[in-house]
1. In whole angstrom, and with the biggest value first, how far do the Cα coordinates of the protein assembly as shown range along each principal axis?
2. What three numbers, in Å, describe the spread of the alpha carbons of the stretch B:39-91 along their principal axes, ordered from the longest?
3. On a straight-distance basis, which lysines could pair with B:LYS108 in a cross-link, Cα separation under 25 angstrom, same-chain partners fewer than 8 positions away excluded?
4. For peptide A:38-46, what's the mean number of Cβ atoms from other chains within 10 Å of each residue's Cβ?
5. How much space per residue, in cubic angstrom, does the convex hull of the C-alpha atoms of the stretch A:54-101 take up?
6. Based on DSSP, what percent of beta bridges with both residues in the protein assembly as shown are antiparallel, to the nearest 5?
7. With no solvent and one equal point scatterer per Cα, compute the Debye intensity ratio I(q)/I(0) for the stretch B:1-95 at 0.24 Å⁻¹ and report its log10, rounded to two decimals.
8. If you add up the charges near A:TYR48, with Lys and Arg at +1 and Asp and Glu at -1, over every other residue whose beta carbon is less than 11 angstrom from its beta carbon, what do you get?
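A short reminder: the numbers here are calculations on the coordinates, not readings from a lab. The structure presented is a predicted model; accordingly, all values stated were derived computationally and were not measured. A quick note on method: Cβ atoms are made from the backbone with ideal geometry, for glycine too, and the neighbour counts reach across all protein chains shown.
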Amino acid sequence: DAGITQSPRYKITETGRQVTLMCHQTWSHSYMFWYRQDLGHGLRLIYYSAAADITDKGEVPDGYVVSRSKTENFPLTLESATRSQTSVYFCASTPSGNTIYFGEGSWLTVV
Amino acid sequence: DQQVKQNSPSLSVQEGRISILNCDYTNSMFDYFLWYKKYPAEGPTFLISISSIKDKNEDGRFTVFLNKSAKHLSLHIVPSQPGDSAVYFCAAYSGAGSYQLTFGKGTKLSVIP
């Protein structure tokens, strides 16, 4: 039972580069989410998806793009990385909201 | 405006005693609440949840209490164990069909052997 896997786990990139964080879940959950965790802010929602081809903005979407062509994948792209996007990114999924499962995180540093 | 507040950044408890972690919320539209535990360099792990139609939910050593009139919930861990040492996040969402969680900033629990 693989659950949710995120890749890469650790990434260093330069300002202005495009970066894609991958998220894959094996449960066929309808709902998927991307959160970022920063010191002093807890976890904040970037984007979410209710099903394949349905996505919507969360609290902090600026500078990010998502897509969901398949139910099991929900990649997050930073089109032009900035230092303020240095953070830990968590992908999550749920079938119904009673229990929302998180991946292990992707640590991104933008230099 | 912080809609979910965990006012204690840290808490230390002796092994075997009760740990009580508190959470307050301001959004009266929240109707489902979840607690997560997080170890360093790992993702949040779901612990326990409660619907707004209940005032208590229990799962083993973990019990969550919800006081809707006070907009307050608490997580009780009895007995506390050293392995419970982690950061605990309170989270909430409103309305089925979105499940967008709003998180508190977390409370770091240290259980002292």
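1. Sorted largest first, the three principal extents are 50, 38, 36 Å.
2. 35, 22, 16
3. B:LYS5, B:LYS37, B:LYS38, B:LYS56, B:LYS68, B:LYS71
4. 4
5. Given the Cα convex hull of the stretch A:54-101, per-residue volume reads 99 Å³.
6. Taking every DSSP beta bridge within the protein assembly as shown, about 90 percent pair in antiparallel fashion.
7. Listed by q, the Debye log ratios stand at -1.36.
8. Here the charged neighbours net out to 0.
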